[in-house]
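**Student:** First the structure, then my questions, so here it is.
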Amino acid sequence: WRRIPLSMAALILGNSKIGKNTMVLQSCIIGHPISSELDNSDLTKIKTAGAVIGGNCTIRSGTVIYSAAELGGNVVTGHNVLVRENTKIGDNCLIGTNSIVEKDCTIGSNTRLQSGVYVPNNTVIGKNVFIGPYTVLTNDKTMGRTKSVEGPVIGDGVSIGANCTILPGIKIGN
């Protein structure tokens, strides 16, 4: 047994569940509270539903996974990944360094998001998909002027190259 400096420890909040043989490395937050779970009057009493992470995953340093997010088995994150609430990520996925997956998204099994990929709210990505580095998916046709957002839908087996921009509501078939 050895002491781990607090600055290197991971923070596991609420009822988060972490599967067998999963590594959560330093400076990660698992089960980060969503706005409905915060009570600004006393931050010591935050109750979070927590996140669910399957077995045999590697969650690299700096990753933040929000409450009500679910990751399947054998998921690997790069460093500094953000996964927001109500997002479901299938088995055997890679979410690359500095990638952001916003809330209410679905990502199918065996999918690879390379470094720097941005996935906005309400996006559906199928199984066996490859999305190249620094690709940006968008969900707002009027750039903040309305509350109506429609994320893209990426079918199974799709490959998208580096630095692409996928516009709101676009559907790419299998």
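**Student:** Averaged per residue, what accessible surface does the chain expose to a 1.4 Å probe, in Å²?
**Tutor:** Result: 53 Å² of accessible area for each residue.
**Student:** Once you list every other residue whose beta carbon is under 13 Å from the beta carbon of Phe130, what net charge do they have if Lys and Arg are +1 and Asp and Glu are -1?
**Tutor:** Taking every other residue near Phe130 into account, the sum is +1.
**Student:** Along its three principal axes, how long is the chain when you only count alpha carbons? Whole Å, largest extent first please.
**Tutor:** Principal-axis extents of the chain (Cα, largest first): 50, 36, 21 Å.
**Student:** Express in nm, to one decimal, how much length is gained between Asp156 and Leu11 on full extension, taking 0.36 nm for each residue of separation and deducting their alpha carbon distance.
**Tutor:** Additional length available on full extension: 48.8 nm.
**Student:** Taking 7 Å along the Cα-to-C-beta vector as the label spot, tell me the Asn174-Arg145 distance in nanometres, rounded to one decimal.
**Tutor:** It is 3.8 nm.
**Student:** Of the heavy-atom accessible surface of the chain (probe 1.4 angstrom), what whole percent is carbon and sulfur?
**Tutor:** 52 percent
**Student:** Moving on to the next point. Rank Ser159, Ser67, Ser148 by mean-square fluctuation in a GNM of the chain with C-alpha springs under 10 angstrom and give only the top-ranked residue.
**Tutor:** With Cα springs under 10 Å in the chain, the top fluctuation among Ser159, Ser67, Ser148 is at Ser148.
**Student:** Now for a separate question. Filter Lys47/Lys127; Lys103/Lys147; Lys20/Lys103 down to the pairs with a C-alpha to C-alpha distance above 23 Å, please.
**Tutor:** Pairs exceeding 23 Å: Lys47/Lys127; Lys20/Lys103.
**Student:** What's the percent breakdown of Cα-Cα distances in the range 128-174 across 5 Å bins, shortest bin first?
**Tutor:** All Cα pairs considered, the percentages come to 6, 22, 25, 25, 11, 8, 2.
**Student:** The range 52-79 to the range 101-174: how many Å between their Cα centroids?
**Tutor:** Taking the Cα centre of each part, the range 52-79 and the range 101-174 sit 19 Å apart.
**Student:** Along the principal axes of its C-alpha atoms, what lengths does the range 88-141 span, in descending order and rounded to whole Å?
**Tutor:** The Cα atoms of the range 88-141 stretch 31, 20, 14 Å along the principal axes, largest first.
The values are calculated or read from the model by the stated rules, or taken from the named source; none is laboratory data. Here the structure is a predicted model, which means the values were calculated and not measured. With ideal geometry, Cβ positions are generated from the backbone for all residues, glycine too; neighbour counts draw on all protein chains shown. Just the protein is used for accessible areas: all its heavy atoms, side chains included, with ligands, DNA and RNA removed. Shrake-Rupley method; radii C 1.70, N 1.55, O 1.52, S 1.80 Å.
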